[in-house]
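Participant: Once you've had a glance at the structure underneath, I'll fire off some questions.
The values are calculated or read from the model by the stated rules, or taken from the named source; none is laboratory data. Since this is a predicted model, take the numbers as computed values, not measurements. Accessible surface areas use protein heavy atoms only, side chains included; no ligands, DNA or RNA. Shrake-Rupley method; radii C 1.70, N 1.55, O 1.52, S 1.80 Å.
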Amino acid sequence: MSSLGKKLPILVYFYGGTFCIESAFSFLDHCYLNSSVSEAEMGRVPFEKSITIVARDLYTPSLKGLGCERVLVCVAEKDPLRDRGVWYGELVKKSGWGGELEVFEVEGEDHAFHVLYPETDNAKIMIKRLAYFLMCK
C-alpha cells in the first residue's frame, strides 16, 4: 500500500527470452520495467518463465478461465512474432472468456523495440498505453 493507504496495482512481467538472451533481470529489461511502473505509479514483480511453458499454456483450453477481467496484448508491426500475438488475442476472444480484450499494435517497429530503444517516441507511446491500461479498472 502507498503512504496514502491506496492499494497499488502490480505488474507481473513474464520474460519470454527462453533464457537465451539475458533475463528479466537484465539492465535493458530493468530500465523498461522501471519506466513502465513509474508511469503507472505501481509496483512490479519480475518473473521468468520459459517460453516453452508459455507456448504450451496457449494451447490449453484454460483461456476461458483467465483469472482477470482485462487483457492487453501489445505487438509491433515488423516483429516476426507479431502474428503470434494477434493470434493469441483471437484465441482469447474465441475462448468464451468474458473480459475486455485489446490488441495494441505499434506501427513501424520491430521485436523488443520498447526495451532496446526506450527513449523513442513509439516506446514512450507504448509505455503510456500500458500504464493507462494498468491504471484503469
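Participant: Heavy atoms only, 1.4 Å probe, whole protein assembly: order V86, V106 by accessible area, highest first. Walk me through the numbers before you get to the answer.
Facilitator: Working: V86 35, V106 10 Å².
Putting V86, V106 in descending order of accessible area: V86, V106.
Participant: Within straight cross-link reach of K93, meaning Cα distance under 14 Å, which aspartates and glutamates are found once same-chain residues fewer than 8 apart are removed?
Facilitator: E69, E102
Participant: Given a 1.4 angstrom probe, I'd like the percentage of the accessible area of segment 71-137 that is carbon and sulfur, rounded to a whole number. Could the numbers behind the result be given before it?
Facilitator: Working: 2200 of 4120 Å².
The C+S portion of the solvent-accessible surface of segment 71-137 is 53 percent.
Participant: What residues qualify as long-range amide H neighbours of V75, i.e. H under 5 Å apart, gap of 5 or more or another chain, H built at 1.01 Å from N?
Facilitator: Correct list: F104, E105, V106.
Participant: Using a 1.4 angstrom probe on the protein heavy atoms only, line up D79, D121, D110 by accessible area, largest first.
Facilitator: Ranked list, largest accessible area first: D121, D110, D79.
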